[in-house]
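None of the figures in this text is laboratory data; all of them are computed from the coordinates on show. A quick note: this is a predicted structure, and the numbers were derived from the prediction, not measured.
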Amino acid sequence: MAGKTTKSQTTKAKADAPSNTAEAKSRFNAALDEAKAGAAALTTEARERASTYAGDARAVGEDWAGDAKVKAGELATTGKNKAGEALGNLSRVVDENASSIDEKFGQKYGDYARSASRSMQNTANTLQEKSVEELGEGAREYVRNNPGKSLGIAALVGFMLSRLFRR
């Protein structure tokens, strides 16, 4: 009898197999649909958070950029004023020593020194009178009108700065 029971159970299991397979497929598909829905919800939430973080980062970046522009403007104005003062002081030193140059090297070289002193003083006055924006616009205009000279000057200044900061 034991052999009969095993055959009948096997037969019954074979009969139930299609329904078990269908039920398993159904459960698998339901789980798969639920996983897809969960992934879509997570994707949406991740996008929303990323958008929020990006907006926050953009706002902070804009604040920092604004602060940097203000600080750069202040530093440029301070540098412009110091350069103007230094150039004015150098002009006075050259002018004060022009008579000494006359004695040692001749009137012609003393006149060159006085001319250089006047040019430096005019440049110092220009630096003191104009704003940083006006000086920047003047530099842009010079570059537009003299691109070759500007490139040469930039190369020379770059070379000098590299030599200065090399050590």
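The table below lists the values:
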item: Of the DSSP H helices in the chain, those whose Cα atoms cover at least 24 Å axially and whose Kyte score averages -1.0 or more; result: 2-105, 147-166
item: Alpha-carbon centroids, the stretch 93-111 and the stretch 126-167: separation in whole Å; result: 30 Å
item: Relative contact order of the chain, pairs being alpha-carbon contacts under 8 Å that are 6 or more residues apart, as %; result: 17 percent
item: At q = 0.18, 0.19, 0.27 Å⁻¹, base-10 log of I(q)/I(0) for the stretch 104-143 (Debye sum, equal scatterers on each alpha carbon); result: -0.61, -0.64, -0.86
